[in-house]
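Participant: Below is a structure I'd like to ask you about.
The values are calculated or read from the model by the stated rules, or taken from the named source; none is laboratory data. The structure displayed is predicted, hence computed values, not measured ones. Cβ placement follows ideal geometry from the backbone for every residue including glycine, while neighbour counts extend to all protein chains displayed. Note: accessible area is taken over every heavy atom of the protein model, side chains too, but ligands, DNA and RNA are not part of it. Shrake-Rupley method; radii C 1.70, N 1.55, O 1.52, S 1.80 Å.
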Amino acid sequence: MKIQIINGPNLNLLGTREKNIYGDQTFNEYFDKLKLKFEKFDLHYFQSNIEGEIIQKIQDVGFDFDGIIINAAAYTHTSVGIGDAIRSIQSPVVEVHISNTYAREEFRHKSFLSAHVKGVILGFGLRSYDLAIESFS
Ligand code: DQA
């Protein structure tokens, strides 16, 4: 099963950025563990700080891959374009967040993605991605 993980802006700084919220592991370290844990999945990882690149990746894999796991980070709360891209493809999409966005500032309570995804997993730290992968098994 081919799964694309897409991370949005500032998630390249995991391990360095606001460790009290996002933890002290880099995503690359974590992704190595994910690949070992979910050997039967063909996992792919893409990160970008640029909205258009995220939209392009959704379009590129969205008619071919078995699933997409997306943490659009701050774009979650602003991007009509990413929401529209998700509506336009065929692969099922799971939205994830490391933190519980509902326990944070009000502007993080709105997601432009949630209405168009299969499900949302948030608040379990990096484990949110494990749970999202499991949802495809
Ligand atoms: C985040 C939550 C967003 O509000 C924030 O902008 C992020 C990360 C999370 O994974 O908890 O960058 O998506």
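Participant: Which pairs turn up if I take residues in segment 89-115 that are within 13 Å of G67 (Cα to Cα) and look for partners that are surrounded by fewer than 18 Cβ atoms within 10 Å (Cβ to Cβ) and among the aromatic types (F, W, Y) with beta carbon separation below 7 Å, at least 6 apart in sequence or on another chain?
Facilitator: Pairs that qualify, where the first residue is within 13 Å of G67 (Cα to Cα) and the partner is surrounded by fewer than 18 Cβ atoms within 10 Å (Cβ to Cβ) and among the aromatic types (F, W, Y), are I89/F63; Q90/F63.
Participant: Out of A132, A73, I need the residue that is on the phi > 0 side of the Ramachandran plot and under 16 Å from the mean Cα position of the chain (by Cα). Which one?
Facilitator: Working: A132 fails: on the phi > 0 side of the Ramachandran plot.
So the residue among A132, A73 that is on the phi > 0 side of the Ramachandran plot and under 16 Å from the mean Cα position of the chain (by Cα) is A73.
Participant: Within segment 36-45, can one find any residue that is on the phi < 0 side of the Ramachandran plot, open to solvent by 20 Å² or more (accessible area, probe 1.4 Å) and without any contact (Cβ under 8 Å) to a residue 24 or more places away in the chain?
Facilitator: So far as segment 36-45 goes, yes, one or more of its residues are on the phi < 0 side of the Ramachandran plot, open to solvent by 20 Å² or more (accessible area, probe 1.4 Å) and without any contact (Cβ under 8 Å) to a residue 24 or more places away in the chain.
Participant: Still on this structure, I have one more. Can you pull out every residue in segment 59-76 that is among the acidic types (D, E) and within 18 Å of D130 (Cβ to Cβ)?
Facilitator: To start, the set of residues in segment 59-76 that are among the acidic types (D, E) comprises 60, 64, 66.
Answer for segment 59-76, where residues must be among the acidic types (D, E) and within 18 Å of D130 (Cβ to Cβ): just D66.
Participant: Given the options F107, F124, name the one that is over 22 Å from F31 (Cα atoms), surrounded by fewer than 20 Cβ atoms within 10 Å (Cβ to Cβ) and within 13 Å of the ligand (Cβ to nearest atom). Spell out the reasoning first.
Facilitator: Numbers: F124 fails: over 22 Å from F31 (Cα atoms).
Exactly one residue qualifies, and that residue is F107.
Participant: Please indicate, with yes or no, whether at least one residue in segment 36-46 is part of a helix (DSSP H, G or I) and of a type in the set (F, W, Y).
Facilitator: Here is the first cut: in segment 36-46, the ones part of a helix (DSSP H, G or I) are 36-37.
Still in the running and of a type in the set (F, W, Y): none.
There is no residue in segment 36-46 that is part of a helix (DSSP H, G or I) and of a type in the set (F, W, Y).
Participant: In addition: Given the structure, is N28 open to solvent by 80 Å² or more (accessible area, probe 1.4 Å), at pLDDT 95 or above and not in a strand (DSSP E or B)? First the steps, then the outcome.
Facilitator: Working: open to solvent by 80 Å² or more (accessible area, probe 1.4 Å): yes; at pLDDT 95 or above: yes; not in a strand (DSSP E or B): yes.
Taking the combined requirement at face value, the residue satisfies it.
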